[in-house]
1. Taking the stated definitions as given, is residue 45 assigned to a strand (DSSP E or B) and either surrounded by 24 or more Cβ atoms within 10 Å (Cβ to Cβ) or assigned by TED's automatic domain parsing to the domain that holds residue 215 (or both)?
2. Inspect the range 67-77 for any residue being in the same structural domain as residue 206 (by TED's automatic domain parsing), over 19 Å from the mean Cα position of the chain (by Cα), farther than 19 Å from residue 133 by Cα and in a loop (DSSP other than H, G, I, E, B) and give the result as yes or no.
3. Here is a check on your reading of the model: is residue 304 more than 26 Å from residue 72 (Cα to Cα) and surrounded by 20 or more Cβ atoms within 10 Å (Cβ to Cβ)?
4. Taking the range 113-131 only, how many residues are closer than 18 Å to residue 24 by Cα and either touching a residue at least 12 places away in the same chain (Cβ under 8 Å) or of a type in the set (Ser, Thr, Tyr) (or both)?
5. Take the residues of the range 67-95 that are surrounded by 19 or more Cβ atoms within 10 Å (Cβ to Cβ) and hydroxyl-bearing (Ser, Thr, Tyr): which is nearest to residue 173 (Cα to Cα)?
6. Given the criteria assigned to a loop (DSSP other than H, G, I, E, B), under 24 Å from residue 208 (Cβ atoms) and in contact with a strand residue (DSSP E or B) (Cβ under 7 Å, 6 or more places away or on another chain), does residue 50 qualify?
7. Looking for whichever is free of Cβ contacts under 8 Å to residues at least 60 places away in the same chain and either of a type in the set (D, E, K, R) or surrounded by fewer than 23 Cβ atoms within 10 Å (Cβ to Cβ) (or both) here; the options are 204, 233, 216, 199. Which one fits?
8. Residues in the range 118-142 that are within 17 Å of residue 63 (Cα to Cα) and hydroxyl-bearing (Ser, Thr, Tyr): how many?
Amino acid sequence: MKSTALTQLHTSLGAKMVPFAGYNMPVSYSGLNEEHLTVRNSVGVFDVSHMGEFILKGNKALELIQKVTSNDASVLTDGKAQYSCFPNETGGIVDDLIVYRIDAETYMLVVNAGNIDKDWNWLQKHNTMGVDMKNISDQTSLLAVQGPKAMATLQKLTDVKLDEIPYYAFAKGKFNGVENVIISNTGYTGAGGFELYFENGAAENMWNAIFEAGKEFGIKPIGLGARDTLRLEMGFCLYGNDIDDTTSPLEAGLGWITKFTKNFVNREALEQQKANGVSKKLVGFEMVDRGIPRHDYPIADASGNTIGKVTSGTQSPSLGKAIGLGYVASAHAKADTEIFILIRDKAIKAKVCKIPFLKK
């Protein structure tokens, strides 16, 4: 099992550690609800150094990215980022990712921890144009500092004007005395904040400086448990739960990152799927009756027919009710449709609702 540069520090802070995507990661410190609400109301810090980072360089870098991703990366300018996915050849998704344009010939791709090797091999397979590729995942630390007080905390440690970095943009600069830190506004919590990419050697100093700067706001370390409940309140997909090798971006509601204005892997099949319509759709739902929906629980209609399954579910700390995501037959995907989650063979009433669950 791999460790991040901060694994020992998490252990010393009393974090509950679990294996996650091949890494020893903190799932919680003080408790999921407390950590979740700290991020929603103030500021918290996630160590997400398990994520993968690839650098693509050369005059054909964009060409390779255009070929393997569903979104149109040609619209990016320096300092901009884009959410995208790698479609596979059978209509599913290899992974979802963020593409960062550093300059016209240099891009950083940020991928999910559990898919680092799979994604690297996928890129290599399609790199017929000789793009220079570097996998810097093992040398790179990544802290996500999230919450309404994140900017006030981090601004103390850098001259980069954080209020000038819009959503899905980034800047490179000096942070806490460390050069070339990528400061990115691409959060996964819906609470605002920034991500910091830097070399492993600086990790402990970075962590300590951020906690000192955030002391007045009650800053706390946050585990992967709260990261999951925070992203679910926003209706953000988690690879391996809500999207995978068998789910198409159109079924997952990711048509907005699937641009048919360019050629990419399996474009024709996805274009045909768009024309014909999808048979199942990923929907948000909230429980009407008491019960917590869990991954893989069956979803039924009022007559007891199975119409889909839950992909993510939790008790929402912000909303005080149980929510979830799941695939249902398209006829049942409309908001306010009554559905039933089968929990220990009992049909518990729920209703389809629009996402995000948490309205800003």
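The values are calculated or read from the model by the stated rules, or taken from the named source; none is laboratory data. Please read these numbers as outputs of a predicted model, since none were measured by experiment. All Cβ positions, even for glycine, are placed from backbone atoms using ideal geometry, and neighbour counts span all protein chains on display.
1. On the way: assigned to a strand (DSSP E or B): yes; either surrounded by 24 or more Cβ atoms within 10 Å (Cβ to Cβ) or assigned by TED's automatic domain parsing to the domain that holds residue 215 (or both): yes.
Considered against the rule, which asks whether it is assigned to a strand (DSSP E or B) and either surrounded by 24 or more Cβ atoms within 10 Å (Cβ to Cβ) or assigned by TED's automatic domain parsing to the domain that holds residue 215 (or both), residue 45 comes out as yes.
2. no
3. Details: more than 26 Å from residue 72 (Cα to Cα): yes; surrounded by 20 or more Cβ atoms within 10 Å (Cβ to Cβ): no.
Judged against the criteria, residue 304 is not a match.
4. The initial filter retains those residues of the range 113-131 that are closer than 18 Å to residue 24 by Cα, namely 113-117.
The next check asks that each one be either touching a residue at least 12 places away in the same chain (Cβ under 8 Å) or of a type in the set (Ser, Thr, Tyr) (or both); those that pass are 113-116.
Going through the range 113-131 one residue at a time, the tally reaches 4.
5. 84
6. Numbers: assigned to a loop (DSSP other than H, G, I, E, B): yes; under 24 Å from residue 208 (Cβ atoms): yes; in contact with a strand residue (DSSP E or B) (Cβ under 7 Å, 6 or more places away or on another chain): yes.
So residue 50 fits the description; yes.
7. Numbers: 204 fails: free of Cβ contacts under 8 Å to residues at least 60 places away in the same chain; 233 fails: free of Cβ contacts under 8 Å to residues at least 60 places away in the same chain; 199 fails: free of Cβ contacts under 8 Å to residues at least 60 places away in the same chain.
After ruling out the rest, the residue left standing is 216.
8. Of the residues in the range 118-142, 1 are within 17 Å of residue 63 (Cα to Cα) and hydroxyl-bearing (Ser, Thr, Tyr).
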